[in-house]
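The values are calculated or read from the model by the stated rules, or taken from the named source; none is laboratory data. Since this is a predicted model, take the numbers as computed values, not measurements. Positions of Cβ are backbone-derived with ideal geometry, glycine not excepted, and every protein chain shown enters the neighbour counts.
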Amino acid sequence: MSVKLGVPSKGRLMEKTFDWFGARGVTLSRTGSEREYSGAVEGIDGLELVLLAAGEIPRELAAGRIHLGVTGSDLVREKLGDWQDKVLELEPLGFGHADLIIAVPKAWVDVTTLDDLDAVAAAFRAAHGFRLRIATKYHRLVRDYLREHGVADYQLVDSQGATEGTVKNETAEAIADITSTGETLRANHLKVLAGGPVHRSQATLFKSRSAPWTDETRALLARLKAQLGIDR
Amino acid sequence: MADPSAIRDEAARLVAFFEAKGARRVDPPVLLPAETLLDLYGEDIRARAYVTADPRYGEAMLRPDFTVPVVQMHMNAGDEAARYTYAGEVFRKPEGASRRPAEYIQVGFELFAGGASAEADAEVFALIAKALAPLGLRAATGDFGILKAAVSGLSTTEPRKRALMRHLWRPRRFRALLDRFAGRAPAPEGRAELLAKPDPTACVAPLVGLRTKAEIAARIAALREDAAAPPIPAAEVALLDDLLSLRETMANITEHLRDLAVDMPTIGPAVERLAARGQALAAHGVDIEALEFEGSYGRTALEYYDGFVFGFYAEGRPDLPPVATGGRYDALTRVLGRGHEIPAVGAVIRPELVLDQKERRA
């Protein structure tokens with residue numbers, strides 16, 4: 001029986017993952033045509049490469065259909081409830097950095113912290129008759145974060161893309177999104193709240209807790225970890 | 001975990017008990033419009049309730065509790081005094097790593113009545129206590145009326161009191177605000193510089209979104225007023241801390257609170273209401289010598305209660321949810337009644353936990 005490793009099926013995340021494993025003597029590659037999602041592994045026996053959309057890797061890990069997977073730490077936290085019961089973080093891979101932040105209009109000179117956002121939310125609701133809207137696709141992460149910090153009188157509105165534009169379009173008053181450079185924020189006249197991001201994400205190698213871990217697959221994992229220099 | 005049909009039998013037994021005490025049985029729907037619940041509880045309810053959508057019906061929630069539909073039913077009927085009972089499933093996403101069921105049966109009793117609140121509070125508590133009497137549960141109580149009176153009596157500005165009152169149910173944010181208003185936490189970085197500017201609202205970036213420049217200017221004015229306001233005196237914060245850390249039996253609590261009221265006169269009327277409730281409870285046969293009162297009781301779990309609050313717990317099993325919880329929720333009827341308000345107090349029992357306790361004792 002082989003150990004299945006899920007890796008993002010395209011783009012920089014795939015290339016960087018291949019580089020990271022390659023630098024440690026495990027060569028991952030795509031085989032066949034550009035459009036055929038199959039892969040090959042050299043440098044260790046018994047490891048099988050499964051190419052998947054990054055957003056589906058958390059679900060596949062939780063279901064135990066893959067043993068290991070590379071995906072953003074933000075996606076695991078967003079998509080899996082009680083994620084620590086389902087997967088184990090084996091190793092942060094040092095790329096794919098992105099912070100999940102909350103941003104408000106730069107012209108809100110009176111708002112720099114979550115305290116301010118909470119106070120403004122109360123006043124906004126009184127003035128406009130509805131809760132201050134925060135556009136995001138990271139519902140769970142943002143809601144948990146705001147609840148932990150005791151922010152009230154807001155609502156999350158779903159935004160699956162062009163989130164920074166929602167404020168200008170008046171479909172939201174604030175946004176919560178992944179930002180790697182901040183340029184899109186500046187271009188849309190938004191600023192990040194002080195006090196650190198909601199979550200600092202990076203590409204991470206996860207281990208499924210529910211995949212079929214037999215003596216054989218466990219031994220293979222031990223060999224793989226030794227080769228990759230992972231001591232968890 | 002007890003057998004589902006045994007749980008239903010127990011629920012039916014409890015409903016019959018409440019009907020015999022004058023309650024009318026009601027059966028609210030399972031699918032509730034999400035909007036009402038979101039408006040009441042905010043975004044947090046999405047983390048706890050199951051939301052479902054239909055292209056025509058819109059967003060709906062699987063009933064996370066009975067209180068809201070029962071209050072709506074009552075207020076639409078336009079009746080004054082009434083007693084209701086009900087039994088049925090409620091749906092809550094288990095929180096954290098807990099493996100508690102997401103679907104369980106609740107049996108409830110709700111009393112809508114004007115007039116003396118002490119008598120209504122005591123009637124509901126005594127009724128639940130009687131329904132659960134054979135189980136030897138521990139009961140704990142609290143009183144939001146006293147907390148609210150204490151906050152309203154602080155020597156500080158109305159906006160500060162409103163901010164504290166708004167976060168009574170979020171102890172962490174309440175504490176952070178209190179520290180700031182008492183001068184124990186520094187003002188946010190850059191605040192003094194901002195307020196010192198001749199026109200703080202001036203900004204090179206264009207204003208985007210619905211929030212207007214006038215709203216920003218109003219907040220700046222509020223921040224200026226707040227910066228000029230003296231800190232809440234340390235002695236008052238200490239009294240509030242005393243109040244929040246109180247733990248006493250119902251029989252002894254009145255004396256303690258009357259002592260506190262010498263230095264905090266605004267809690268006086270609320271303390272006398274609590275004293276009247278104690279007498280009413282005793283008159284209903286409740287052993288107030290054994291009944292616990294906690295100054296902070298209910299601050300994290302029971303968000304719509306705003307007066308008397310209580311819960312019944314299995315002794316020595318802090319891992320289990322309470323077997324029953326209840327309290328007064330006048331403010332909820334004010335919100336749902338759109339101007340019309342009727343004092344209300346109610347409680348729910350979880351029959352499967354009743355059965356668990358019966359088995360443990362057998």
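When B:150, B:185 are checked against the criterion of being within 12 Å of chain A (Cβ to nearest Cβ) and more than 15 Å from residue B:223 (Cβ to Cβ), a single residue qualifies: B:185. Restricting the search to helices (runs of 4 or more DSSP H) fully inside the stretch B:133-231 and requiring at least 1 residues that are aromatic (Phe, Trp, Tyr) and within 19 Å of residue B:298 (Cβ to Cβ) gives B:144-152, B:171-181. When residue B:155 is tested against (1) surrounded by 17 or more Cβ atoms within 10 Å (Cβ to Cβ); (2) polar (S, T, N, Q); (3) over 27 Å from residue A:146 (Cβ atoms), just one condition goes unmet, and that condition is (1). Going through the stretch A:76-120 one residue at a time, which ones are under 30 Å from residue A:227 (Cβ atoms) and crowded, with 22+ Cβ neighbours inside 10 Å? Result: A:76, A:87, A:96.
Count of the stretch A:137-165 residues, restricted to those that are within 8 Å of chain B (Cβ to nearest Cβ) and in a loop (DSSP other than H, G, I, E, B), is 5.
Within the stretch B:350-362, residues that are under 22 Å from residue B:86 (Cβ atoms) reach partners that are among the charged types (D, E, K, R) and at pLDDT 90 or above with beta carbons closer than 6 Å, at six or more positions or on different chains, in the pairs B:351/B:10; B:354/B:10; B:355/B:10. Screening the candidates A:230, A:134, A:178 for the property of being part of a strand (DSSP E or B) and more than 13 Å from chain B (Cβ to nearest Cβ) yields one hit, A:178.
To keep it simple, each residue is scored yes or no on (1) hydrophobic (A, V, I, L, M, F, W, C); (2) out of contact with any Lys or Arg (no Cβ under 9 Å at 6 or more places or on another chain); (3) surrounded by fewer than 22 Cβ atoms within 10 Å (Cβ to Cβ).
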{"position": "B:262", "(1), (2), (3)": "yes, yes, yes"}
{"position": "B:274", "(1), (2), (3)": "yes, yes, no"}
{"position": "B:288", "(1), (2), (3)": "yes, yes, yes"}
{"position": "B:299", "(1), (2), (3)": "no, no, yes"}
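Note on the stretch A:105-123: among residues that are within 8 Å of another protein chain (Cβ to nearest Cβ), assigned to a loop (DSSP other than H, G, I, E, B) and not polar (S, T, N, Q), the one that is nearest to the chain's Cα centre (by Cα) is A:106. You will find that of A:5, A:100, the residue that is in contact with an Asp or Glu (Cβ under 9 Å, 6 or more places away or on another chain) and more than 30 Å from residue A:166 (Cα to Cα) is A:5 and no other.
The numbered conditions (1) among the charged types (D, E, K, R); (2) surrounded by fewer than 18 Cβ atoms within 10 Å (Cβ to Cβ); (3) in contact with a Ser or Thr (Cβ under 9 Å, 6 or more places away or on another chain); (4) modelled with pLDDT of 95 or more are all true for residue A:19 except (3).
Evaluated against (1) closer than 26 Å to residue A:20 by Cβ; (2) more than 12 Å from every other protein chain (Cβ to nearest Cβ), residue A:102 falls short on exactly one condition, (1). Once the stretch A:80-104 is narrowed to residues that are out of contact with any strand residue (DSSP E or B) (no Cβ under 6 Å at 6 or more places or on another chain) and in contact (Cβ under 8 Å) with a residue 60 or more places away in the chain, the residue that is nearest to residue B:164 (Cα to Cα) is A:85.
Taking the criterion of being without any contact (Cβ under 8 Å) to a residue 60 or more places away in the chain, within 16 Å of residue B:164 (Cβ to Cβ) and in contact with a helix residue (DSSP H, G or I) (Cβ under 7 Å, 6 or more places away or on another chain), the only residue of the stretch B:232-282 that qualifies is B:237. Number of residues in the stretch B:188-216 that are within 23 Å of residue A:188 (Cβ to Cβ) and more than 7 Å from every other protein chain (Cβ to nearest Cβ): the value is 5. Count of the stretch B:17-51 residues, restricted to those that are within 14 Å of chain A (Cβ to nearest Cβ) and part of a loop (DSSP other than H, G, I, E, B), is 4.
Return a yes/no flag: does the stretch B:73-80 have any residue that is within 14 Å of chain A (Cβ to nearest Cβ), in a helix (DSSP H, G or I), more than 22 Å from residue B:356 (Cβ to Cβ) and not basic (Lys, Arg). Looking through the stretch B:73-80, none of the residues is within 14 Å of chain A (Cβ to nearest Cβ), in a helix (DSSP H, G or I), more than 22 Å from residue B:356 (Cβ to Cβ) and not basic (Lys, Arg). The set of residues in the stretch A:132-178 being surrounded by fewer than 18 Cβ atoms within 10 Å (Cβ to Cβ), without any contact (Cβ under 8 Å) to a residue 24 or more places away in the chain and of a type in the set (D, E, K, R) consists of A:144, A:147, A:148, A:158, A:168, A:170.
The residues on offer are A:65, A:24, and the sole one that is among the basic types (Lys, Arg), in the same structural domain as residue A:11 (by TED's automatic domain parsing) and touching a Lys or Arg at 6+ places or on another chain (Cβ under 9 Å) is A:65.
Counting only residues that are closer than 14 Å to residue A:122 by Cβ and at the interface with another protein chain (Cβ under 8 Å from one of its Cβ atoms), the stretch B:163-173 holds 5 of them. So for the stretch B:52-69 (the condition being modelled with pLDDT of 85 or more, under 18 Å from the mean Cα position of the chain (by Cα), crowded, with 18+ Cβ neighbours inside 10 Å and β-branched (Val, Ile, Thr)), does at least one residue qualify? Yes, because at least one residue in the stretch B:52-69 is modelled with pLDDT of 85 or more, under 18 Å from the mean Cα position of the chain (by Cα), crowded, with 18+ Cβ neighbours inside 10 Å and β-branched (Val, Ile, Thr). Take the stretch B:221-252 and flag every residue that is in contact with a Leu (Cβ under 7 Å, 6 or more places away or on another chain), over 17 Å from residue B:182 (Cβ atoms) and either among the hydrophobic types (A, V, I, L, M, F, W, C) or within 14 Å of chain A (Cβ to nearest Cβ) (or both). Across the stretch B:221-252, the qualifying residues are B:223, B:224, B:250.
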